[in-house]
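Comments concern the structure below.
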Amino acid sequence: MSRKSNLGSASLAVAIFVIAVSSALAQPRLQASGVVDVQAQGRPTLGCCKCLGGTNSLDLSTTSSNNWTVNSAPVSFLTAVHPLWNINPGPAKWVSTVPTGSTNGIAAGIYEYRLDFFVPACTIDQRVTLTGNFGGDDDVSVFLDNTSNPVISQCTGGWCFNTPKKTLTTFSTGVGSGGHALIVRVKNDSQGPSGMFVNAKLTGTCTSEPTKSTR
């Protein structure tokens, strides 16, 4: 009886060990194939690397496929823009608080546009960079994750929407793994038109040395 009991216990221990090893081996394969943490659900998510030397990219621009918000409400995409807003955003679209934001009297104040996104921690590390350009009416500041962090790019002095007055402003910063937010703050100096656009892209270069976030 004791011998059979010992054999049964040994068999159970082996079975548990096999299950544990299989689970451990399965996780890297899931990550490598692009399955990520549940925290990523509902957010634009950068893909995982399949091999060293490859690249991944993710568009975070103000397009209808991305759930941008302004002051915690969904943005309105503008079908027509103010004639002085002559900076060509392509492929991004101008957005505002209301569909007529380029003509209606938008109150003076700060408007905070935001898009949450996710960078997974994958089996193969990747060096991730956020790059882009933007414009807005009147002054624009771009932040990563939190407005208490240092600004990563800004356009001041008004006219951040008109090429004879201003050049197209760009930004570039490293991004670590985890949940993030791209935040664009627009200051409308006085009641009148107000809106913004941003062309933004995450690029991940597959490497054995991950990039540390600057934030």
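Residue check: is Asn199 touching a strand residue (DSSP E or B) at 6+ places or on another chain (Cβ under 6 Å) and over 28 Å from Gly42 (Cα atoms)? Taking the combined requirement at face value, the residue does not satisfy it.
Conditions (1) assigned to a helix (DSSP H, G or I); (2) modelled with pLDDT under 50, marked per residue:
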position: Ser5; (1), (2): yes, yes
position: Leu12; (1), (2): yes, yes
position: Ala15; (1), (2): yes, yes
position: Ala20; (1), (2): yes, yes
position: Ser23; (1), (2): yes, yes
position: Val36; (1), (2): no, yes
position: Gly42; (1), (2): no, no
position: Lys50; (1), (2): no, no
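Matching residues to (1) exposed (fewer than 14 other Cβ atoms within 10 Å of the Cβ); (2) closer than 30 Å to Thr207 by Cβ; (3) in contact with a helix residue (DSSP H, G or I) (Cβ under 7 Å, 6 or more places away or on another chain):
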{"residue": "Gly53", "(1), (2), (3)": "yes, yes, no"}
{"residue": "Asp59", "(1), (2), (3)": "no, yes, no"}
{"residue": "Val119", "(1), (2), (3)": "no, yes, no"}
{"residue": "Gly135", "(1), (2), (3)": "no, no, no"}
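Taken over the range 158-185, the criterion of being touching an Asp or Glu at 6+ places or on another chain (Cβ under 7 Å) and either outside the structural domain of Thr69 (by TED's automatic domain parsing) or under 30 Å from Pro83 (Cα atoms) (or both) is satisfied by Gly158, Cys160, Phe161, Ile183, Arg185.
Do we have Val81 as surrounded by 21 or more Cβ atoms within 10 Å (Cβ to Cβ) and of a type in the set (Val, Ile, Thr) here?
Numbers: surrounded by 21 or more Cβ atoms within 10 Å (Cβ to Cβ): yes; of a type in the set (Val, Ile, Thr): yes.
When the stated conditions are applied, Val81 passes them.
Candidates Gly101, Gly174, Gly105: the one that is of a type outside the set (A, V, I, L, M, F, W, C), buried (at least 17 other Cβ atoms within 10 Å of the Cβ) and in contact (Cβ under 8 Å) with a residue 12 or more places away in the chain is Gly101.
Of all residues in the range 41-71, those that are touching a Lys or Arg at 6+ places or on another chain (Cβ under 9 Å) and of a type in the set (A, V, I, L, M, F, W, C) total 4.
The values are calculated or read from the model by the stated rules, or taken from the named source; none is laboratory data. Note that the structure is predicted; figures quoted are calculated from it, not measured. Please note: Cβ atoms are built from the backbone with ideal geometry, for glycine as well, and neighbour counts cover all protein chains shown.
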